[in-house]
Amino acid sequence: MALDLSGVRRVVEGMLDDQLEVWRDPAGRTDDVLDENTGELKSAEADGALVWAGPGAIVPLGQPAITAPMDGSVAALPAATAYQALLPLDAPQTRDDDVIAVRGSTRDAQLVGRRFRVADANVGTFAVVRVVRLQVVD
């Protein structure tokens with residue numbers, strides 16, 4: 001007998017109150033241009049295609065406690081980002097380096113207009129939501 005999670009899914013999807021867009025650079029970094037002043041690769045103009053738009057949530061990521069590692073042990077280090085995205089299961093699978101743009105938010109107006117790069121597209125998919133780790137795009 002399978003567990004029916006449709007009610008939980010409806011509740012969780014009701015909490016996805018940000019309007020998000022997922023953009024993907026179809027050529028990847030192969031068409032980026034080197035900025036000789038800064039030494040950084042810059043994306044070509046109009047570089048990217050809209051993959052998906054819909055409800056989601058950008059939420060702070062809980063940071064693990066910083067603990068000194070002991071000999072032979074593994075210590076959990078803080079993540080390089082402070083945000084993660086929660087996406088509904090019907091959203092397409094994201095890829096590393098996709099860009100998530102926030103077009104609207106009822107919870108946090110400061111998120112509107114911000115962009116995040118997918119740092120880890122494989123954090124987890126649960127029975128009701130997909131979790132993606134993000135980096136802030138300046």
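Scanning region 93-135 for residues that are open to solvent by 30 Å² or more (accessible area, probe 1.4 Å), touching a strand residue (DSSP E or B) at 6+ places or on another chain (Cβ under 6 Å) and free of Cβ contacts under 8 Å to residues at least 60 places away in the same chain yields a total of 9. Would you mind stating whether residue 5 is of a type in the set (A, V, I, L, M) and modelled with pLDDT of 65 or more? Considered against the rule, which asks whether it is of a type in the set (A, V, I, L, M) and modelled with pLDDT of 65 or more, residue 5 comes out as yes.
Which pairs have Cβ atoms under 8 Å, sit 6 or more apart or on different chains, and link a residue in region 75-90 that is at pLDDT 85 or above and part of a loop (DSSP other than H, G, I, E, B) to one that is of a type in the set (Ser, Thr, Tyr) and surrounded by fewer than 18 Cβ atoms within 10 Å (Cβ to Cβ)? Filtered contacts from region 75-90: 89/125.
The values are calculated or read from the model by the stated rules, or taken from the named source; none is laboratory data. Just so you know, these numbers come straight off a predicted model, no measurement behind them. Here the Cβ is made from the backbone with ideal geometry for all residues, glycine too, and neighbour counts use every protein chain on show. Heads up: the accessible areas ignore ligands, DNA and RNA and are worked out on the full protein's heavy atoms, side chains in. Shrake-Rupley method; radii C 1.70, N 1.55, O 1.52, S 1.80 Å.
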